[in-house]
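Input: a single structure, listed below in structure tokens.
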Amino acid sequence: MKRAYIHKICLVILATAGLFTSARSQHILTLEEAIATALQNNYDIQIAKNDSLVAAIDYSYRNAAFLPTVNAVAGRTFNNNNQRQTLADGSERKSKGVRSNNLQASVGLDWVLFDGFKMFATRDKAGALLEAGTYAAREQVVNTIAQVITTYYNIARQQQQVRATDVQIRLNDDRARLAQYKLEIGSGAKPDVLQSKVDLNAQKALKMQQETLIAQLKQQLVQAMNSSIKEHEFAVPDTIPLNSAITLGDIQQSLEKTNPALLRARSGIDIAKYTLKETKADMWPTLSFGTAYNYSRTINKRVLNNFSTLFNQVNGYNYGFTATVPLFNQFRVRRQIRQDELGIRLQELNYDNQRSLIGLAVINAFKDYQQQEKLLHLEEESIRLAEENVNIVFETYKLGAATLVQLREAQLSLAQAYDRLIAARYNLKVAETELLRLKGDIVK
């Protein structure tokens, strides 16, 4: 009977389907729902998307660099002056409060026809900035999903730990009752009873700590999702599905085309190159076309000179071309070009560094993935051995052929086997998630 009970509990822990009994009245939160909620509400993702939208707005106006600028200017001036004139014949004329008003208006167009191809570089740079913003947003999405997955399955892991602790609680409870029975019939010892109860209380305290940790992890998951749901309103299945078909070649293949960090670093090189083109354009002459329509009207209320006008109006248009040739600018452009060339080199070094670091991270993560996979198979065998050992020692203890120390040692081995098994399964899932995160394929 005891063996059947332990075996049943082990199957629950190792199975790929199972929920807390208390979860029946709660909403079962699936991983897909958690990810979808995080993609919609997570603050970090929203910030990254906002930065990307800023670049998208600039990109939508990229062709404006080829368009002219048009400005309209209008103004009216009122004058009230005191005037004094001395003419060539020696006569003087004076007047106070000479009033006049002037109305001016103009519409001008300025169109840069050639600027050393700077406008083309500016347009293409907007596209590179948009790409960089998109990759940055995707990187944040990938990282957030990885965080949600690891937190989600950490909850499942801790729930499995609670189930494993339930096994230990039941074993210790049976041991305590058996020790008490032996004491009552005169074949046991009081220290065995006391030690059994101490061990039972220790396991109950451990379960309380594990349940508190589950509540805290649920809060972390809610925060990552930026959801209003309360931690007691949902449950997470205590299963951890695994993908055993991952190979190193699949992860490394086209890594430079799928990893958002590498793609963003490559966009940084393109942006730096376009910046250099914009700077070099300042060394070329600039040719622009300008035209304007002007209107001016002046009304004088009174004049001192008979040859002065009381009313004057001028209107018409003008146009022309302007060429600006840079001759000497204190080596400003040359200095900036050298700085931009160093900027390109810096971005190239950053890309090479990122590629090296990510390549190393992939190799290390895959080695960890392989190790955890081997450990999982080993611990699955260990749990069966530990379970059988506990059954044998427990039956032997009931017959009086084993000591309490031997039984406690067998129980401790079973508890440690549970811990290692659950940790191996969770660590394998973490390694799997990390590989997919580095690949950039954690979300399609």
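In the stretch 330-348, the residues that are more than 11 Å from residue 275 (Cβ to Cβ) form Cβ pairs under 9 Å with partners that are surrounded by fewer than 15 Cβ atoms within 10 Å (Cβ to Cβ), at six or more places apart or across chains, as follows: 333/283; 333/326; 334/283. Comparison of 146, 136, 72, 156 shows that the only residue that is buried (at least 18 other Cβ atoms within 10 Å of the Cβ), in contact (Cβ under 8 Å) with a residue 12 or more places away in the chain and either over 20 Å from the mean Cα position of the chain (by Cα) or part of a loop (DSSP other than H, G, I, E, B) (or both) is 156. Scanning the stretch 294-327 for residues that are assigned to a strand (DSSP E or B), at pLDDT 90 or above and either over 19 Å from residue 101 (Cβ atoms) or of a type in the set (Ser, Thr, Tyr) (or both) yields 295, 296, 316, 317, 318, 319, 320, 321, 322, 323, 324.
The rows are residues; the columns are (1) part of a helix (DSSP H, G or I); (2) more than 30 Å from residue 340 (Cβ to Cβ); (3) without any contact (Cβ under 8 Å) to a residue 60 or more places away in the chain.
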site	(1), (2), (3)
198	yes, yes, yes
204	yes, yes, yes
208	yes, yes, yes
212	yes, yes, yes
216	yes, yes, yes
237	no, yes, no
249	yes, yes, yes
265	yes, no, no
269	yes, no, no
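The residue list 183, 255 contains one member that is more than 30 Å from residue 43 (Cα to Cα) and surrounded by 15 or more Cβ atoms within 10 Å (Cβ to Cβ), which is 183.
In the stretch 400-414, the residues that are under 12 Å from residue 199 (Cβ atoms) form Cβ pairs under 6 Å with partners that are surrounded by 15 or more Cβ atoms within 10 Å (Cβ to Cβ), at six or more places apart or across chains, as follows: 404/192; 407/393; 407/397; 411/171. Could you please find all residues in the stretch 261-307 being among the acidic types (Asp, Glu) and farther than 30 Å from residue 353 by Cα? Scanning the stretch 261-307 gives a single hit, 282. The residues listed here are 348, 379; of these, the one that is within 44 Å of the chain's Cα centre (by Cα), crowded, with 17+ Cβ neighbours inside 10 Å and charged (D, E, K, R) is 379.
Which of (1) part of a strand (DSSP E or B); (2) out of contact with any Lys or Arg (no Cβ under 8 Å at 6 or more places or on another chain); (3) among the β-branched types (Val, Ile, Thr); (4) surrounded by 15 or more Cβ atoms within 10 Å (Cβ to Cβ) does residue 45 not meet, given it meets every other one? Failing condition for residue 45: (1).
Being more than 27 Å from the chain's Cα centre (by Cα) and either assigned to a helix (DSSP H, G or I) or of a type in the set (Ser, Thr, Tyr) (or both) is the requirement here; does residue 291 meet it? In short, yes.
Scanning the stretch 32-66 for residues that are closer than 17 Å to residue 143 by Cα, among the hydroxyl-bearing types (Ser, Thr, Tyr) and at pLDDT 90 or above yields a total of 1. Against the numbered list (1) under 21 Å from residue 248 (Cβ atoms); (2) assigned to a helix (DSSP H, G or I), residue 343 comes up short only at (1).
The values are calculated or read from the model by the stated rules, or taken from the named source; none is laboratory data. Here the structure is a predicted model, which is why all the values come from computation and not from measurement. Cβ atoms come from the backbone with ideal geometry, glycine included; neighbour counts cover every protein chain shown.
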